[in-house]
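Throughout, read-outs are computed from the coordinates displayed, never taken from laboratory work. Here the structure is a predicted model, which means the values were calculated and not measured. Counting neighbours? That spans all protein chains shown, and the Cβs are built from the backbone with ideal geometry, glycine included.
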Amino acid sequence: MPAKDSNAAPGGDAVTVEIDIAAPPARVFEALTDATQLFEWWGKEPTVELTTFDIDPRRGGRWQFRCRPTPGVDQGPSGEQLRRNGASEYIAHGEILEYDPPRRLVWSWLANWHEHPDQPTTVRWELRPIAGGTRVVVTHSGLGNEPVERKSYVGGWAGVLKLLNDFLV
């Protein structure tokens, strides 16, 4: 099943995308919580060069990634906002709010390319066993004050789920 947006109403607060992956929930959860694996699969994003992905996989643990725009690739509105914020690399970080292997991972998300980079949003990963694998549902909420990024995240999270799927199958 390809990733899809299931919450695309204009002015909404959240973006939800999902994908079915032919791997068991425990394996998917491991790929979401192991820094080495995160760096390997998330780092295949072609529009940026991932330099760091750190995670302390436990409730209350911290996570962070850093990446540079890939030279010659148009970064669109996100890149424009990054420059307006006086930054040259993308940095997202937060705290793990829920850690329930292999079912749920929730973290706060602070992104330096947001219009309001000091206002946290929330990313929820839900892993549901299905015949032949796992349905992965990602919901990024708290985006009511980030209409430009909310629109960008529809394709962004779909791309992240594709990278995860390609890594696991």
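Values as computed for the structure displayed
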read-out	value
Kirkwood Rh (inverse of mean 1/r, distinct Cα pairs), the chain, angstrom	16.1 Å
Phi to ³J(HN,Hα) by Karplus 6.51 cos²θ - 1.76 cosθ + 1.60 over segment 99-115, Hz, x for Gly, Pro	9, 9, x, x, 9, 8, 9, 10, 9, 6, 9, 10, 10, 6, 9, 6, 4
Nearest 10 degrees, 0 to 90: helix 147-168 Cα axis against the chain principal axis	40 degrees
Nitroxide proxy distance, nm - points 7 Å out along Cα→Cβ at residue 68 and residue 97	3.3 nm
Ranked list, fewest to most other Cβ atoms within 10 Å of each Cβ, for 99, 90, 153	99, 90, 153
Label-to-label distance, nm, for residues given as residue 75 and residue 151 (7 Å Cα→Cβ offset)	1.9 nm
Charge tally in the Cβ shell below 9 Å around residue 137, where Lys, Arg are +1 and Asp, Glu are -1, residue 137 excluded	+1
Ascending count of other beta-carbon atoms within 10 Å, so fewest first, for 166, 34	166, 34
Nearest-0.05 FRET efficiency for residue 27 and residue 87, computed from C-beta distance (R0 30 Å)	0.30
Residue order, fewest to most beta carbons within 10 Å, for 73, 17	73, 17
In order through segment 67-77: 3J(HN,Hα) via Karplus (6.51 cos²θ - 1.76 cosθ + 1.60), integer Hz, x for Gly, Pro	7, 9, x, 5, x, x, 9, 5, 8, x, x
